[in-house]
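Note sheet for the following structure.
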Amino acid sequence: IDTFKTDATGDFVLPEKLKVGIYYFHEITAPIGYLKGEDVQFEITEGHNWEDPFVVEFPDRPVHGKIEILKKDTENGDILSDAAFEVTAAEDILAGDGTVIFEAGDVVANIETGEDGRAVLDGLHLGIYSVREVKAPEGYLLSEEKYTVKLEYEDQTVPIVVETVEVENRPTRIKMIKTDRESGSPLEKVTFNIWNKELGEETAKEYVTDRNGLIEIHRLAAGIYCIQEAQTLPGYVLDSAVYEIKISEDGKIDGKEMGILELTNSPTLIIGTRAKDEVGIVRKAMVQIDEVEIKNLQIGQNYLLKGIIMDKATKQPLLINGKTVTAEKKFTALTKDDTVEVEYQYDG
């Protein structure tokens, strides 16, 4: 019959009386932020008193928004549960009639990811929201990024506006570097035990350095971790000290995204040798004692020291009756640095 538009009050008045009959109001365009309503039927009956206006109410449902957060591991893309997020209003959030639902800065809700790695907040009025992570999953760094989510009206046929935010977390990381204290060369196959201090040493796990002297440990939960060398390489002193690294609740170590622990081993070294006594009178059965100065011994370790007499002039092994003069000495290290006597016997 005709087309009308509601005014600022949400009303319109037909300019003339309607004849008796059944009529329908059909919405052509819904207000912004609302869905197009279903047709409303009304009936004008005989003898209606037009002094009492005939009122028809036509309801419109507001469009709502939904925020979905998908949580993943940065390195392998695995979904992550138990991450908590705070959703706040980035601007004043208004209802369709202009009522302020949330003022800018208000906390709207706190949500947490489930086993599917998703956190969902629905039933929201349209507007701009801010999302930030307040608790990372165990073994991950807290994301410091703040995400802006715009829930914008699409059209009068879309009942729910959905925006998905994909948030990635980097695993917590400890990097250990093991080198030779003298040369700086990496040491491969050095074994370490690492355990959570609160849980105790019996929970220790074993790690071994690679060819670059490295051990990298990912995805450790917050806490204090103890690191101790369990087995070193032959020819090196075991470092029995217990080192501690603290991973804070945000996954950082001393405020950094990765904890680096540089450790060295002292190699066992022969510093030099010297004859203990003068040879004296030359005779057939000669005994020469050599003092060998050694540093960086492993206390309690058994050692075998082998020696050969050299000709100082030629810098070649000394030959007596066509044979070299050698000696061996087995000993157990009682101190870190020691002098060991080796006895040579030869035909003078």
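Taking all pairs of distinct Cα atoms, average 1/r, flip it, and tell me the Kirkwood hydrodynamic radius of the stretch 250-348 in Å to one decimal place.
Its Kirkwood hydrodynamic radius stands at 16.7 Å.
Please identify the trypsin sites (Lys or Arg not before Pro) of the stretch 1-85 that satisfy two criteria: DSSP loop assignment and at most 15 other Cβ atoms within 10 Å. Which are they?
Lys5, Lys17, Lys19, Lys36
More than 15 angstrom separation, counting every C-alpha pair in the stretch 136-178; what % is that? It would help to have the intermediate numbers written out before the result.
Details: 576 of 903 pairs.
Every Cα pair in the stretch 136-178 considered, those over 15 Å come to 64 percent.
Calculate how large, on average over all directions, the projected area of the Cα convex hull of the stretch 68-225 is; give the answer in nm² to one decimal.
Values: hull surface 52.7 nm².
If you wrap the Cα atoms of the stretch 68-225 in a convex hull and average its projections, you get 13.2 nm².
Using Cα-Cα distances under 8 Å and only pairs 6 or more residues apart, what relative contact order does the chain have, in percent? Don't skip to the answer; put the middle values down first.
Details: 799 pairs, mean separation 39.4, N = 348.
Computed over the chain, the figure is 11 percent.
What is the magnitude of the charge dipole of the stretch 290-348 about its Cα centre, with +1 placed on the Cβ of each Lys and Arg, -1 on the Cβ of each Asp and Glu, and no other charges, expressed in debye to the nearest 20? Please list the in-between numbers first.
Working: 8 positive and 10 negative charges, 52 e Å.
Here the size comes out at about 260 debye.
Using +1 at the C-beta of Lys and Arg and -1 at the C-beta of Asp and Glu, which of Ile44, Val55, Gly77 has the Cα lying farthest in the positive direction of the dipole of the stretch 1-98?
Ile44
Along the charge dipole of the stretch 121-217, Cβ charges K/R +1 and D/E -1, which of Ser130, Val158, Leu141 sits furthest on the positive end?
Value: Leu141.
For the stretch 77-131, with equal point scatterers placed on the C-alpha atoms only and solvent neglected, what are the log10 I(q)/I(0) values from the Debye formula at q = 0.18, 0.22, 0.28 1/Å, to two decimals?
Taken in order of the listed q values, log10 I(q)/I(0) reads -0.63, -0.80, -1.05.
Under the Kirkwood approximation for Rh and a Cα-based Rg, what ratio Rg/Rh is obtained for the stretch 146-263? Show your work: numbers first, answer last.
Numbers: Rg = 21.7 Å, Rh = 17.1 Å.
Rg/Rh for the stretch 146-263 comes to 1.27.
Two decimals, Cα atoms only, Kirkwood Rh: what is Rg/Rh over the stretch 1-71? Walk me through the numbers before you get to the answer.
Working: Rg = 16.9 Å, Rh = 14.8 Å.
Rounded to two decimals, Rg/Rh equals 1.14.
Please report the base-10 log of the normalised intensity I(q)/I(0) for the chain, using a Debye sum with one equal scatterer per alpha carbon and no solvent, at each q in 0.07, 0.10, 0.13 (1/Å).
-0.61, -0.84, -1.06
Where does each of 115-121, 47-53, 305-311 land if you order them by average Cβ count within 10 Å, highest first? It would help to have the intermediate numbers written out before the result.
Numbers: 115-121: 16.0, 47-53: 7.7, 305-311: 13.6.
Top of the packing list down: 115-121, 305-311, 47-53.
Hey, which of these cross-link pairs are over 26 Å Cα-Cα: Lys276/Lys330; Lys5/Lys66; Lys197/Lys295; Lys135/Lys178? Walk me through the intermediate numbers first.
Numbers: Lys276/Lys330 19 Å; Lys5/Lys66 30 Å; Lys197/Lys295 33 Å; Lys135/Lys178 33 Å.
Over 26 Å Cα-Cα: Lys5/Lys66; Lys197/Lys295; Lys135/Lys178.
Just so you know, all these numbers are worked out from the coordinates, no wet-lab data involved. Here the structure is a predicted model, which means the values were calculated and not measured. All Cβ positions, even for glycine, are placed from backbone atoms using ideal geometry, and neighbour counts span all protein chains on display.
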